[in-house]
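The values are calculated or read from the model by the stated rules, or taken from the named source; none is laboratory data. This structure is a prediction, so every number in the text was calculated from the model and none was measured. In this analysis, Cβ positions are derived from the backbone assuming ideal geometry, glycine residues included, and neighbour counts consider all displayed protein chains.
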Amino acid sequence: MSEMVSVFLFGKKYDVPSGLTIMTAMEYAGYRLVRGCGCRNGFCGACATIYRVEGDRELKFCLACQKTVEDKMYVATLPFFPLLKEIYDIEKIGPTEQIMMQLYPEIYKCVGCNACTKACSQELRVMQYIAFAQRGEYEKCAEESFDCVMCGICSSRCPAGISHPQVGLLARRLTGKYIRPESAHLKDRVEEILGGNYDKLIEDFMGKPADELKELYNNRDIEA
Amino acid sequence: MYTPEMLESIKKVEATREARMGAELRRMTADEKEKLLNEFHPDYKQEGFTTLKIGPNKGDKAPVELADILQARSWVEKLNIDLGIVDYDVDVLVIGGGGSGASAAIEAHENGANVMLVTKLRMGDANTMMAEGGIQAADKSNDSPMTHYLDAYGGGHFKAQPDLLRKLVMDGPIAIKWLEKFGVLFDKEKDGTMITTHGGGTSRKRMHAAADYSGAEIMRVLRDEVFNRKIPLVDFTAALELLLDDEGNAAGAILENMETGEHFVARAKAVIIATGGAGRMHYQGFPTSNHYGATADGLVLGYRAGAKLLYQYTLQYHPTGVAYPPQIFGALVTEKVRSVGALLVNVDGEAFMHPLETRDVSAASVIRECGVRGKGVATPSGGRGVWLDSPIIEMIHGPGTIEKRIPGMMRMFGKYDIDIRRVPMLIYPTLHYQNGGLQITVDGRTTNVKNLYVAGEAVGGIHGENRLMGNSLLDIIVFGRNAGLNASKAVEGADKPKGLNIEHVRRFMKEAEDAGIKADAVSPKLFPAYARVGR
Ligand SMILES: Cc1cc2nc3c(=O)[nH]c(=O)nc-3n(C[C@H](O)[C@H](O)[C@H](O)COP(=O)(O)OP(=O)(O)OC[C@H]3O[C@@H](n4cnc5c(N)ncnc54)[C@H](O)[C@@H]3O)c2cc1C
Ligand code: FES
């Protein structure tokens, strides 16, 4: 673990212990991070990073908090990418085929280069979910894009200027709101609560003596 | 990726797996739990705590690290800011861009208020984004708000504020409905029935989820909604201190641009603290599952302005943090892994406890197993852990279950060549959640500072002294909305606050001086100091 490797942060060489992630390597080097660091665990997409390892012709992409440093790694972070986010009122739009055309028409300019998929930090089939969006198959687009952390690496690679994460997000919201059936038991329960059905019940329940509540708690029947 | 010793132990885990499949594991009795907690839970470890010398909770117990920042110097002491020059002038100022802040902002906006949100990192760089497991609500026919109440009340050691807990469980289904309406993709059956599971300490399956990206899915949608409503958002900007008006009511905050260091005055008729948790304080040296900005800032701001803390001495250590590999040390292994069937197994392959005891009990049990019982598995960095046996999940529910139900976990370990479908994960407790925080009334306001509201993990009292999985995502929605609504209602038509000042900070510093406190540290902490070297 104490073996050292050389990494080039924005071109400058630092020697860091080999077990570190790119993010902790930056801190080891002395960076006090403000940008490019959020959850520190692969959920928020703040730490999009581009790198190349000496001797390897391929340009690579990752999340800095999720990638272990390698020797002779040249690193540039991409803490922000200008994604296009269209404003809409979710109540007023629907899962129609035109909606993508209206909000994100550039998806129809996809040239099929697949650079987005190759670059995805989450290993999603990005081009595929864009294809689903083009065809108005929003539920498929939602499923395929579900693990997107919106780091924006895909968009940085796209010759058509597509904001893939925003397209996926719109498809997911449309699916959640309009395509998947509304939950009936949830609707019923909300009506019961708003109708006051539980007001007295909960009041009485809370009013039980402390010992009785303890007794009840310790002897709950637990759903199998 | 595992060390030879680990692989040796895994053989024992594999050897017992068949036999463990059908076996019924006993739950601990109330007495056993109490004894276990007393001996092994970090909250019961005296050295970890000290007595607060000043402020509204003077004389009360607090974690040493929290006491240090509550009683530290303030950033604004040295600043020369003209409070007469107002940079932002709004009705409601929301501090914090997580789920509670977003919910508060949306609801304040819905209610017609001029609301602004400031946050230290980007919107959504927050604990909310990281929640994997799910969100509770009693919306199934075999469940009720009363049952939910009992689970949470008992799980929190009967210390929850009853009126707050009542609101949590009664508004639970309403919160889920609100999210469904925004298009949050909950796991559902074909007919729309919510797929719900158990969490530690639940007696009904009421954990709603969006695969194991529950928090991310909620956060992405709420953030999108904040953008769609064009609610002014000032990111990379921290609140350093609250401002009060000439009557001592909350009236805004002093802000700092985290990148340029420039300061701003935000005037507001009401302020909502939604700054989240404290994992990055690393209490008692524990690693954490929390995001980079979880440094208890809101507690410091509120405390100096005179707001009271409640249960600040209880923290939640999640039983299953990653013990190995080191790159993800402390990261959370969602409880859902146990909800879907994984077992906690020691170095010899024995399942040493029921996997769904409450978190505090589970954490203490793992600490005991690795400590006095000597049944932990050693890691190269000198730590220990026990196995969370995931392959058993697919023996129970069939192949493909792991990829479908806990894909995030599969990916997280997969990056280090650990395939959790085939081998177990090594875990140890990690600092996860701040049970305590600022005390509020049921309308979301602090008990003693007017126009100061609090929502989310910065609140203390909703859950008592321990929180059940899934009740926090619920509370940020319920109490986030509640704070946004009540704050905007309370200031409707009110005049702009007059006489903005930071006298309370000066008074607090005077009190510190009189108490003989000589602090070097300056707080709020804003970020942990991880840079090894530097200015
Ligand atoms: C890994 C993980 C998994 C979890 N899983 C679950 C789960 O399955 N179910 C569940 O119910 N709960 C879960 N929780 C708990 C739950 O996610 C959090 O308690 C909850 O989301 C907190 O929401 P919040 O809005 O209060 O705080 P956060 O979401 O943390 O937001 C706080 C925001 O305030 C900002 N901020 C902080 N200080 C300042 C300042 N001085 N100025 C400006 N901005 C500031 C932060 O940067 C952040 O944006 C989990 C937590 C973690 C960490
Ligand atoms: S910091 Fe959030 S994904 Fe890396």
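Quick notes on this structure:
- Of all the listed residues (A:Gly38, A:Gly45), the sole one being of a type in the set (Gly, Ala, Ser), assigned by TED's automatic domain parsing to the domain that holds A:Thr21 and free of Cβ contacts under 8 Å to residues at least 40 places away in the same chain is A:Gly38.
- Of B:Thr237, B:Thr260, all but one fail to be farther than 19 Å from B:Arg73 by Cβ and in contact with a strand residue (DSSP E or B) (Cβ under 6 Å, 6 or more places away or on another chain); the exception is B:Thr237.
- Residues (of a type in the set (Ser, Thr, Tyr) and within 7 Å of chain B (Cβ to nearest Cβ)) located in the range A:175-186: A:Thr175, A:Ser183
- Residue check for A:Leu83: away from ligand 2 (no atom under 14 Å from the Cβ), under 23 Å from A:Ser163 (Cα atoms) and within 14 Å of another protein chain (Cβ to nearest Cβ): yes
- Restricting attention to the range B:386-419, the residues that are more than 26 Å from the chain's Cα centre (by Cα) and more than 14 Å from every other protein chain (Cβ to nearest Cβ) add up to 11.
- Considering A:Arg172, A:Arg220, A:Arg189, the condition of being at the interface with chain B (Cβ under 7 Å from one of its Cβ atoms), surrounded by 22 or more Cβ atoms within 10 Å (Cβ to Cβ), over 30 Å from A:Val111 (Cβ atoms) and free of Cβ contacts under 8 Å to residues at least 60 places away in the same chain is satisfied by A:Arg189 alone.
- Subset of the range B:176-203 (residues that are more than 8 Å from every other protein chain (Cβ to nearest Cβ) and surrounded by fewer than 23 Cβ atoms within 10 Å (Cβ to Cβ)): B:Trp178, B:Asp187, B:Glu189, B:Ile195, B:Thr197
Residue by residue, here is whether (1) surrounded by 18 or more Cβ atoms within 10 Å (Cβ to Cβ); (2) small (Gly, Ala, Ser) holds:
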{"position": "A:Gly94", "(1), (2)": "no, yes"}
{"position": "A:Met101", "(1), (2)": "no, no"}
{"position": "A:Pro105", "(1), (2)": "no, no"}
{"position": "A:Tyr108", "(1), (2)": "no, no"}
{"position": "A:Gly112", "(1), (2)": "no, yes"}
{"position": "A:Ser121", "(1), (2)": "yes, yes"}
{"position": "A:Ile130", "(1), (2)": "yes, no"}
{"position": "A:Ala133", "(1), (2)": "yes, yes"}
{"position": "A:Tyr138", "(1), (2)": "yes, no"}
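- The residues in the range A:127-166 that are part of a loop (DSSP other than H, G, I, E, B) and touching a Cys at 6+ places or on another chain (Cβ under 7 Å) can be counted, and the count is 5.
- Members of the range B:103-128 found to be acidic (Asp, Glu) and more than 7 Å from ligand 1 (Cβ to nearest atom), listed by number: B:Glu107, B:Glu110
Each row is one residue, and each column tells you yes or no for (1) crowded, with 24+ Cβ neighbours inside 10 Å; (2) farther than 17 Å from B:Leu344 by Cα; (3) in contact (Cβ under 8 Å) with a residue 40 or more places away in the chain.
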{"position": "B:Val386", "(1), (2), (3)": "yes, no, yes"}
{"position": "B:Glu394", "(1), (2), (3)": "no, no, no"}
{"position": "B:Thr401", "(1), (2), (3)": "no, yes, yes"}
{"position": "B:Arg411", "(1), (2), (3)": "no, yes, no"}
{"position": "B:Gly414", "(1), (2), (3)": "no, yes, no"}
{"position": "B:Ile418", "(1), (2), (3)": "no, yes, yes"}
{"position": "B:Leu426", "(1), (2), (3)": "yes, no, yes"}
{"position": "B:Thr430", "(1), (2), (3)": "yes, no, yes"}
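- Matching residues, the range A:17-65, being of a type in the set (Val, Ile, Thr) and surrounded by fewer than 21 Cβ atoms within 10 Å (Cβ to Cβ): A:Val34, A:Ile50, A:Val53
- Selection within the range B:232-287 - within 11 Å of ligand 1 (Cβ to nearest atom), under 30 Å from B:Pro42 (Cα atoms) and within 14 Å of chain A (Cβ to nearest Cβ): B:Gly276, B:Gly277, B:Gly279, B:Arg280
- Residue in the range B:288-298 that is of a type outside the set (Ser, Thr, Tyr) and away from ligand 1 (no atom under 11 Å from the Cβ) present: no
- Within the range B:202-225, the set of residues being assigned to a loop (DSSP other than H, G, I, E, B) and either more than 12 Å from ligand 1 (Cβ to nearest atom) or aliphatic (A, V, I, L, M) (or both) comprises B:Ser203, B:Arg204, B:Lys205, B:Ala209, B:Ala211.
- If the condition is being small (Gly, Ala, Ser), within 7 Å of chain B (Cβ to nearest Cβ) and away from ligand 2 (no atom under 16 Å from the Cβ), then the range A:1-53 contributes A:Gly19, A:Gly30.
- Check on B:Thr128, within 14 Å of chain A (Cβ to nearest Cβ), touching a strand residue (DSSP E or B) at 6+ places or on another chain (Cβ under 8 Å) and closer than 28 Å to B:Thr295 by Cα: no
- Looking only at the range A:147-169, and only at residues there that are over 10 Å from A:Cys116 (Cα atoms) and among the hydrophobic types (A, V, I, L, M, F, W, C), the one that is farthest from the other protein chains (Cβ to nearest Cβ): A:Ala160
- Some residue of the range B:327-339 being closer than 16 Å to B:Ala239 by Cα and of a type in the set (Ser, Thr, Tyr): no
- Screening the candidates B:Gly534, B:Gly464, B:Gly499 for the property of being more than 16 Å from ligand 2 (Cβ to nearest atom), outside any helix (DSSP H, G or I) and more than 14 Å from every other protein chain (Cβ to nearest Cβ) yields one hit, B:Gly499.
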